[in-house]
Amino acid sequence: MRKNYAKFLFLPLIMIFLISGCWNYREIEGLAIVAGIAVDRGIHHKYLATMEIIGFKPGQESEIESKLVSGEGDSILEAIRNSYNISGQMGYFNHTRALIISQDVAKMGILPITDLLFRSPLIRVSLAILISKEKTAGEVLAARSLNQPIKSFQICEAFAVQQKALSKTAEIKVFEAVNAMGGEGTDLFLPTVGVISNQGQPTMELSGMAVFQQDKLVGLLDGEESKYVLFIRNKVQEGILLENMDREANATLISFKILKNQTWIKPVLAKGKPGVKIAVKTTVDIWELDSPLNYDSEQDRKMLKSQAEKELQANILRIVRKVQQNYGTDIFGFGSQFRSQMPELWKEIKPEWRDYFTQLKVAVKAEVEIQKSGMAIKSLKVED
Amino acid sequence: MPKEFITERQGLNMMVLFIIGSTLVVGVTDAAKQDSWLSVILAIIMALPMLMLYARIVHLFPGQDIFMVIHRVFGRIVGKVLSLFFVWYAFHLGVLVIRNFSEFLSEISLTETPQYLIQLVVVILGVWMVKGSIEVLGRWTSFVFNIVLVIIIGICLMAFTETNFANFTPMLYGGFRPVIDGAYSIFSFPLAETIIFTAVLSFLKPGANSYKVYNRGLWIGGGILLAITLGNIGVLGYPFLSTQYYPSYITVSLIDLGTFFRRFEILVAVVFLLCGLVKVSICLFCTANGLAKIFNTHDYRVLLAPVALLNVSLALFIYPSMQAMFEWVNVYRYYAIPFQILLPLLIWICAEAKLRLSKTGAIEKD
C-alpha cells in the first residue's frame, strides 16, 4: 500500500512538467512564414532586409498571398528582428527558399549573410542564394510573379525550368556556396534575378550569373555567357545552342536542342606551365532552321557538325578569356581539378593560384553529335 | 532473484545501436576531411583485436560480469578500486551521452525548453527500462533495431541520389597521418566504448558466443558508420562539412524525392533518440551494477534512480557550452585510453595468468 501512495505522490510531480504548459509553444497564427528574404543596403543602418511572408487571406476559400515587410539593422539578424515590430509576428524560417542579395551588399561581401544562413538551425542549407540584377533586391520581391502567388517559390520553379530547357543559370544552394567560397581552387558564382516587363507589368526573370572574388561581387555575366560557364562546370543538362552558319555567305541560324552534355576537365603541365584541357561532348537535335538549306547529304552534315563544334569551342574559350582577364576568379573550378587530379602540383601552385589562373592556357575540344532533325525530312522551301 | 538472460541476437542489436548511438548525429571526426571514410575502415580494423580482447574477458568467466572478474582476479581491495574506475567511466559516458542528447534536441527543435527537462525524460525512461531487467532492454532493443535499420538503409539509399563523387577527391591529399589520427578518434569514440559490454554480455544465455556478438556488432555498427560518413561527405562535401556540428541531420535535410517527399531529417533525430536511449540505459545499467558489486548490494535496481539523477545533475554543468562539448571530443581520445585499452589489457593478462596458474581451469569449474 505504501508503495502505491508513493506512486500517487509522484504523479503530480510529473504533471507539473507535462501538463502545465509548453515551452516551445507556437501558434500558426502567430508565425510569419517567411518564403524569401531580400537584403539591401539600408538608409539609416547597414542592412535593409525585406521578407516575403506567406499570408492567408481569410474567407471561404482561403487564399495564399504574398506580403512584404522590411526592417533595417546593422546586422542582418537585427534587420530581420526589427521588421517584427512592423508585422507583429515572429518570422518562421523553416520554409524559406530563396535569398536575394543586392549588388551593393554583395560588393561588400556576402560572408556575414552566409554565416547567418548556415549557423541557424531553422534555415535550411538547401536555400537558394541569388543576386539581384536590379538596383535593389527588394524590387525583385515586389515584382509580379506569374504562376505562384509566392514569388520566392516562383524563383525555385524557374530554376527547375532553367535546368530542363535553358541552362542559362543554375541554382546554388547555401552549402554549395560555402564549398565554393571556402574550397581550394574554386570561386563562387551565383545566379542572378532581374525584373523585366511582361505584358507591360514588371515581372521577375531569372538568367545570368554573378561572379565573385572570395565573397565579394566583381561582375555580372549575361545568360548566354553563363551557359558556357555551365558547360565548363558540367552543369548543362538541357538547353538551346544557337549556331550562326556562314554557309556560302548565306547566313543561317540553327537552333540545336541540347539533349545531354558531358564535360571533362583535364589539368596538364605543358613546358612547366599549368594548363587545362576541356573536352565537351554534347548531343543535340536540330529544332529550328531559318533558311531553306538542307543538311541531308553526308558531307553537309559533317560540315554542320564541324561548324557547330568550332562555334561551341570559340564560345567557351571566349568566356574563359573574359573571366580570366576581367575578373581573375576561378569560377570554373580549374584549381579544384588540379587539386584532385594533380595534388602534388597543386600544393606548389596553390599560393599563387590567382596569378596562374589569369595566365592559364586553356584548350577546348568540343564534340557535337547531331542526332535528329525532328519530324522534318527537309526544310521548308518558299517558291514563287 | 532469478537470473536474467539475453540472447545472442539481442546482445548484437544492443551493441550496434550502442555504437551508432551518438555518433550518428555528431558524425565521426573530420581530421582526415574527405578521407574520413578511410579512417572509419581503419578504425574498425584497429578495434577488432581490442574488441576480441573484451570478448575474451567475457568468455573466460562465463556468467560473470567485468566487476566480478575484477574481484576474482585482483582480490577484494584492489578489485574494488579498479571497479570504481570502471564505474566512473560508465557513469561519465552516460553523462556525456545525456548531454549530447539534450544539446541536439535543444538545438534542432526544443530551443526554449530547459535542457534538464529533456535529460530527465530520457533517464526516467532509461531507469524504467533497466529496472524491468536487462531482458526488457534486450527485447526492446531488438524491436527498435529493425526500425533503426530500415530508416538508416533508406536514408543512405536516398542520400546516394544526391551524392557528388567529386567530393571524395583527391584521396589522401593530406597524407596518411590525418587518416590514422582520425581512425584513432573513431576507435575511442565510439568503437572501443563497447568495453561497457563486458558488464552486459555476462547475461548472455549459456552457450552463446561473446566473440560472435563483439565481432558482428563491430562490423555491422562500423558498417553503418561508414555508410553514414560516405553519405555525409558525398552530399555535403568539404569545407562545408567541417562547419557543421550535426552533419547527418543536414545531409538528410537535403534529400528531396520529387517535390513531395522531403524533410526526412526528423528521422535522423528519431534514430538518435532510440539509439541514445539504448546507450544511456546500458551506461546506467553498468554503473548501477558496478556500484552494487562494490557496496555488496545484491540488487542493482535500487541504485538505478540515484545514479540516473546524479547523471542528470552532472550532465547539466559538465560543459559550459556546446563548443566545449565538441572540444571535449579531442580530449576524450586520450582520456579514454586507461579505460579502453590499459585497464582491459591489465585485467586480461592477470585473468589469463590466474587461470593458467590455478591450473584447475576455472572455465570448467564455472
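The values are calculated or read from the model by the stated rules, or taken from the named source; none is laboratory data. All figures in this text were calculated on a predicted structure; none of them were measured in a lab. All Cβ positions, glycine included, derive from the backbone under ideal geometry; neighbour counts span all protein chains shown.
For segment B:133-155, a tally of residues being surrounded by 17 or more Cβ atoms within 10 Å (Cβ to Cβ) and either within 14 Å of chain A (Cβ to nearest Cβ) or more than 30 Å from B:S202 (Cβ to Cβ) (or both) returns 2. None of B:L60, B:L51 is more than 20 Å from the chain's Cα centre (by Cα) and away from every other protein chain (no Cβ under 14 Å) except B:L60.
The strands (runs of 3 or more DSSP E) found entirely in segment A:183-257 that carry 2 or more residues being in contact with a Gly (Cβ under 9 Å, 6 or more places away or on another chain) are A:189-198, A:201-213, A:216-221.
Take the conditions (1) farther than 22 Å from B:V58 by Cβ; (2) crowded, with 24+ Cβ neighbours inside 10 Å; B:L201 misses just one of them, which is (1). Apart from one condition, A:N234 fits all of (1) within 14 Å of chain B (Cβ to nearest Cβ); (2) under 30 Å from A:A366 (Cα atoms); (3) surrounded by fewer than 21 Cβ atoms within 10 Å (Cβ to Cβ); (4) touching a helix residue (DSSP H, G or I) at 6+ places or on another chain (Cβ under 7 Å); the exception is (4).
Just give me the residues in segment B:169-179 being surrounded by fewer than 17 Cβ atoms within 10 Å (Cβ to Cβ) and at pLDDT 85 or above, in sequence order.
Listed by number, the residues that qualify are B:F176, B:R177.
Scanning segment A:314-349 for residues that are within 14 Å of another protein chain (Cβ to nearest Cβ), assigned to a helix (DSSP H, G or I) and surrounded by fewer than 19 Cβ atoms within 10 Å (Cβ to Cβ) turns up A:Q341, A:P343, A:E344, A:L345, A:K347, A:E348. On inspection, B:V130 does not qualify as within 14 Å of chain A (Cβ to nearest Cβ), surrounded by 23 or more Cβ atoms within 10 Å (Cβ to Cβ) and of a type in the set (V, I, T).
Per the listing B:L48, B:L12, B:L53, the residue uniquely buried (at least 21 other Cβ atoms within 10 Å of the Cβ), touching a residue at least 24 places away in the same chain (Cβ under 8 Å) and not hydroxyl-bearing (S, T, Y) is B:L12. A residue that is in the same structural domain as A:P343 (by TED's automatic domain parsing), at pLDDT below 90, closer than 24 Å to A:Q341 by Cβ and polar (S, T, N, Q) occurs somewhere in segment A:214-235. Selection over segment A:261-275 of residues that are without any contact (Cβ under 8 Å) to a residue 12 or more places away in the chain and assigned to a strand (DSSP E or B) gives a count of 1. Scanning segment A:154-182 for residues that are touching a Ser or Thr at 6+ places or on another chain (Cβ under 8 Å), more than 18 Å from A:L217 (Cβ to Cβ) and not in a helix (DSSP H, G or I) gives A:K168, A:K173. If the condition is being more than 13 Å from chain A (Cβ to nearest Cβ) and touching a residue at least 40 places away in the same chain (Cβ under 8 Å), then segment B:156-176 contributes B:C156, B:M158, B:A159, B:F160, B:T161, B:T163.
Count of segment B:102-126 residues, restricted to those that are over 23 Å from A:R124 (Cβ atoms), facing chain A (nearest Cβ under 7 Å) and buried (at least 18 other Cβ atoms within 10 Å of the Cβ), is 0. Looking at A:E352, A:E367, just one residue is in the same structural domain as A:R301 (by TED's automatic domain parsing) and not in a helix (DSSP H, G or I), and that residue is A:E367.
Please note which strands (runs of 3 or more DSSP E) are completely contained in segment A:17-107 and include at least 1 residues that are surrounded by fewer than 19 Cβ atoms within 10 Å (Cβ to Cβ) and away from chain B (no Cβ under 14 Å).
Output list reads A:31-41, A:47-57, A:63-73.
Yes/no per residue for (1) of a type in the set (D, E); (2) surrounded by fewer than 22 Cβ atoms within 10 Å (Cβ to Cβ); (3) closer than 18 Å to A:G42 by Cβ; (4) more than 14 Å from chain B (Cβ to nearest Cβ):
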residue: A:G109; (1), (2), (3), (4): no, yes, yes, yes
residue: A:R124; (1), (2), (3), (4): no, no, no, no
residue: A:I129; (1), (2), (3), (4): no, no, no, no
residue: A:E134; (1), (2), (3), (4): yes, yes, yes, yes
residue: A:E139; (1), (2), (3), (4): yes, yes, yes, yes
residue: A:P149; (1), (2), (3), (4): no, yes, no, yes
residue: A:Q163; (1), (2), (3), (4): no, yes, no, no
residue: A:K173; (1), (2), (3), (4): no, yes, no, no
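Scanning segment B:250-306 for residues that are surrounded by 24 or more Cβ atoms within 10 Å (Cβ to Cβ), within 14 Å of chain A (Cβ to nearest Cβ) and among the hydroxyl-bearing types (S, T, Y) yields a single hit, B:T251.
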